[in-house]
Amino acid sequence: MFDSILVKPDQMYSLANVDADGDGVIGLEKEEAKKAFEKLNKKLESLQELMYAEGKRKLLVVLQGMDTSGKDSTIRQVFEHVNPQGVKVASFKVPTPQEMAHDYLWRIHQRTPGSGEIVIFNRSHYEDVLVVRVHNLVPEERWQKRFEHIREFEKMLTDEGTTILKFYLHIDKDEQKKRLQERLDTPEKHWKFNIGDLKERAIWDQYQKAYEEALARTSRPWAPWYVIPSNRKWVRNYYIASILVDTLEGFKMKFPPAEEGLDSVVIE
Ligand code: AMP
Ligand code: MG
């Protein structure tokens, strides 16, 4: 079902040709998809509780996308009901001086999930082959090597028991315009409007090219990239929740066994 949005290893394709509306591929009407999403949300709640109780699995969810692509709202809406004890969000901004003084994976590795945890990366180590690349923050011969580092790093994490899912929230340039305009027109959204985002928008094509290469070169069976059509929130939410539930169900988790003698306990 998700094959159509899965990036195949090293298969470069043009994001401009990928429909960011996605209503053709999803095969559900808006109301159906919203209902299905509500159900998936409930399932996610109990699966996450089970994961936390079992305390064995580790799940890393990477969210990437252009400005306004909906990374924050995905976190709010898809993870609405989960228990904050077992779910953490790690947001990666412009590196601090201390972070800058280390290799680019240093700050990332510290935030990866422990046993029983789900960690959501709001931006990630991929910024180091995206913004860093389009703004020439390090020379090309340095960022070129990072695709291999990243593949190996993610392989190591999965070999050591982490499951990795990576979602690229795909919006088109018109949709970004609408969303930026809405932020500009709504006082309550001004805090989200960064004038700097307009500079990034001006080099949209360079970003798309950087994404195309990053996705192709780092999508692997153990750490796949999914291109999530994200012009419409209900399409985006439905896809992400479906993939998460599918993955967690695949874990075949069990509550830990009860302590011995529990059946004869009497509470006075
Ligand atoms: P936001 O996600 O809107 O809070 O913005 C965070 C900003 O930090 C974005 O403009 C990112 O491109 C930027 N950023 C994140 N990681 C890096 C990095 N490794 N190097 C440079 N800029 C980064
Ligand atoms: Mg921003």
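Scanning the stretch 109-135 for residues that are open to solvent by less than 70 Å² (accessible area, probe 1.4 Å), within 22 Å of residue 168 (Cα to Cα) and of a type outside the set (Val, Ile, Thr) returns 113, 117, 121, 122, 123, 124, 125, 126, 127, 128, 130, 133. Number of residues in the stretch 186-219 that are charged (D, E, K, R) and within 14 Å of ligand 1 (Cβ to nearest atom): the value is 6. Among the residues of the stretch 52-108, just one is over 15 Å from the mean Cα position of the chain (by Cα), surrounded by 17 or more Cβ atoms within 10 Å (Cβ to Cβ) and within 16 Å of ligand 2 (Cβ to nearest atom), namely 95.
Filtering 28, 15, 40 for residues that are in contact (Cβ under 8 Å) with a residue 12 or more places away in the chain, within 17 Å of residue 240 (Cα to Cα) and under 19 Å from the mean Cα position of the chain (by Cα) leaves a single hit, 40. Just to be sure before I move on: is residue 33 of a type outside the set (S, T, N, Q) and over 30 Å from residue 205 (Cβ atoms) in the structure I sent? Yes.
For every residue, the table says whether it meets (1) part of a helix (DSSP H, G or I); (2) among the aromatic types (Phe, Trp, Tyr); (3) open to solvent by less than 70 Å² (accessible area, probe 1.4 Å).
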| site | (1), (2), (3) |
| --- | --- |
| 197 | yes, no, yes |
| 200 | yes, no, yes |
| 211 | yes, yes, yes |
| 239 | yes, yes, yes |
| 244 | yes, no, yes |
| 249 | yes, no, no |
| 257 | no, no, no |
| 263 | yes, no, no |
| 267 | no, no, no |
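Restricting 213, 200 to those that are within 16 Å of ligand 2 (Cβ to nearest atom) and within 27 Å of residue 106 (Cα to Cα) reduces the list to 200.
Selection of the stretch 163-185 for residues being more than 16 Å from ligand 1 (Cβ to nearest atom), of a type outside the set (Val, Ile, Thr) and under 19 Å from the mean Cα position of the chain (by Cα) yields 165, 170, 172. When the stretch 186-203 is limited to residues that are under 26 Å from residue 22 (Cβ atoms) and acidic (Asp, Glu), the one that is modelled with the highest pLDDT turns out to be 200.
For the stretch 187-195, the count of residues that are surrounded by fewer than 19 Cβ atoms within 10 Å (Cβ to Cβ), touching a His at 6+ places or on another chain (Cβ under 9 Å) and on the phi < 0 side of the Ramachandran plot is zero. Among the residues making up the stretch 29-46, a single one is in a helix (DSSP H, G or I), over 26 Å from residue 59 (Cα atoms) and open to solvent by 100 Å² or more (accessible area, probe 1.4 Å): 31. Cβ-Cβ contacts under 6 Å between residues 6 or more apart (or on different chains), taken from a first residue in the stretch 189-215 that is over 16 Å from residue 7 (Cβ atoms) to a second residue that is at pLDDT 95 or above and open to solvent by 60 Å² or more (accessible area, probe 1.4 Å), are listed as 193/184; 204/173. Pairing each residue of the stretch 254-268 that is touching a residue at least 40 places away in the same chain (Cβ under 8 Å) with any residue that is surrounded by 10 or more Cβ atoms within 10 Å (Cβ to Cβ) and part of a loop (DSSP other than H, G, I, E, B), provided the two are 6+ apart or on different chains, yields C-beta distances under 9 Å for 256/55.
Here residue 155 does not fit the description of being without any contact (Cβ under 8 Å) to a residue 40 or more places away in the chain and away from ligand 1 (no atom under 16 Å from the Cβ).
Selection within the stretch 111-143: residues that are among the polar types (S, T, N, Q) and away from ligand 2 (no atom under 15 Å from the Cβ). The member of this set that is farthest from residue 44 (Cα to Cα) is 136.
Inspect all residues belonging to the stretch 8-23 and state whether any of them is outside any loop (DSSP other than H, G, I, E, B) and farther than 30 Å from residue 155 by Cβ. Yes, there is a match, as at least one residue in the stretch 8-23 is outside any loop (DSSP other than H, G, I, E, B) and farther than 30 Å from residue 155 by Cβ.
The values are calculated or read from the model by the stated rules, or taken from the named source; none is laboratory data. What you see is a predicted model; the values in this text were computed from it and never measured. No Cβ is skipped: glycine too gets one built from the backbone with ideal geometry, and neighbour counts run over all protein chains shown. When the accessible area is computed, the model is the full protein with side chains, heavy atoms only, and any ligands, DNA or RNA have been set aside. Shrake-Rupley method; radii C 1.70, N 1.55, O 1.52, S 1.80 Å.
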